[in-house]
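Just so it is clear, none of the values below were taken in a lab; they were calculated from the coordinates. Just so we're clear, the structure is a prediction, and the values are computed from it rather than from any experiment. Cβ coordinates were reconstructed from backbone atoms using ideal geometry, including for glycine residues, and neighbour counts include every protein chain displayed.
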Amino acid sequence: MNKAPEILELDPAVAIPGGEVAIDCAEFDTSDPTLCGVWFGKERAPLVALSPRRALAIVPEMKQSGPVAVALESQGVRSADASVIVGRRLAEDLHPVTNPAFDTDDGALFVTRSGSRGEQLPVTLFRIDVSGEITEFSGDITNPTGIAFDSRGQMFVSSRMDGSIYRITPFKEAVPFAHGLGVATGIAFDNDDTMYVGDRTGTIYKVNGIGEETQWVQLEPSVSAYHLAVGPDAALYVTGPTVASFDSVTRVAPDGSVSTFYKGLGRPQGLAFDPDGNLLVAASLRGRRGIVSITPDGKHAGLFLAGMNLVGLAFSSTGDLVVASTDSVYSVALGSAS
């Protein structure tokens with residue numbers, strides 16, 4: 001009788017449909033690949049590569065989310081189950097360019113349908129409430145890009161079309177707040193509510209509470225957008241994908257000094273800090289795509305979540321994760337791992 005294959009490790013153990021998961025294994029008889037399979041729940045996964053020690057599988061579209069049992073099958077013999085957390089699609093037919101953002105007052109998620117440069121769309125901002133209901137929020141801003149809330153819960157949105165930042169009123173009106181910010185993309189606030197805006201031509205601006213901007217630091221231009229996050233150390237962390245395949249996360253200290261925090265990412269985009277101070281970045285690492293986790297000292301990185309075409313992420317107040325691709329938004333219940 002054939003031995004049952006054994007799953008040793010899933011890398012990573014968090015994914016969204018379409019992400020590539022590596023399964024380290026033993027006793028996996030691959031002598032006849034047609035008799036081999038990888039199962040996520042009741043769904044058979046497409047295989048990218050197969051060997052007795054490792055299988056690469058694409059997470060299929062799932063009818064369930066949260067923890068999903070993964071099993072190997074060979075010659076009619078099935079392994080014991082392992083577990084992977086699979087995200088749930090909240091919305092599709094969108095066009096986020098960077099991180100979505102949570103409203104800290106009511107937990108609602110805001111995400112864009114940004115469109116191509118100069119494209120006028122009837123609705124460009126959407127609201128997803130805690131129950132998952134999606135509503136059209138606003139169409140006043142052309143090419144909305146970055147979204148951020150200050151400490152008072154005030155929402156701000158950048159437009160890469162006109163280089164402006166807009167303040168969104170409680171009546172859903174988009175009121176111009178700051179102008180002349182180049183190709184304005186990412187937005188972030190520090191603990192003092194100073195706003196930072198990334199212009200993809202290379203300038204990071206500081207914007208005060210009345211919308212006055214100051215050029216702060218100059219970095220290398222980006223081919224798509226500048227993405228910003230303020231870290232637990234009060235430094236600003238910046239990604240801006242270039243034509244290189246070995247891009248960096250840049251750290252800008254409060255005094256404006258610039259250093260490389262981590263180098264070696266492919267097309268790094270949206271970024272956020274987890275509760276433990278690790279920096280999560282939508283990027284590829286050593287050819288594998290998804291959300292990359294970098295330790296607080298910047299010395300180690302690994303793939304945290306498997307996914308394709310990811311541009312941003314955000315943490316809810318409960319610690320769950322939302323990730324955004326170029327057309328969809330997914331909720332990942334990280335608390336289900338415990």
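Below are the figures for this structure:
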item	result
Magnitude of the charge dipole, the chain, Cβ model with Lys/Arg +1 and Asp/Glu -1, debye to 20	740
Segment 101-145-segment 267-329 distance, computed between alpha-carbon centres (Å)	21
Reach of LYS63 by Cα under 14 Å, taken over aspartates and glutamates that are not fewer than 8 positions away in the same chain	GLU43
Sites excluded, trypsin sites (Lys or Arg not before Pro) in DSSP loops with at most 14 other C-beta within 10 Å, longest stretch of the chain	173-285
Where chymotrypsin sites (Phe, Trp or Tyr not before Pro) fall in DSSP loop in segment 165-250, at most 10 other Cβ within 10 Å	PHE171, PHE246
Separation of alpha-carbon centers, segment 54-75 and segment 4-48, rounded to whole Å	6
Relative contact order (%) - criterion: Cα under 8 Å, at least six apart; region: segment 4-135	21
26 Å Cα-Cα reach of LYS263 towards lysines, excluding residues that sit fewer than 8 places from it in its own chain	LYS206, LYS299
Equivalent ellipsoid semi-axes, segment 226-338, via Cα gyration tensor eigenvalues times 5, rooted, Å	21, 17, 12
Tensor-based shape of segment 6-86 (alpha-carbon gyration tensor, a/c under 1.5 rounded, otherwise prolate or oblate)	prolate
Rounded if a/c under 1.5, otherwise prolate or oblate - segment 92-211, Cα gyration tensor axes	oblate
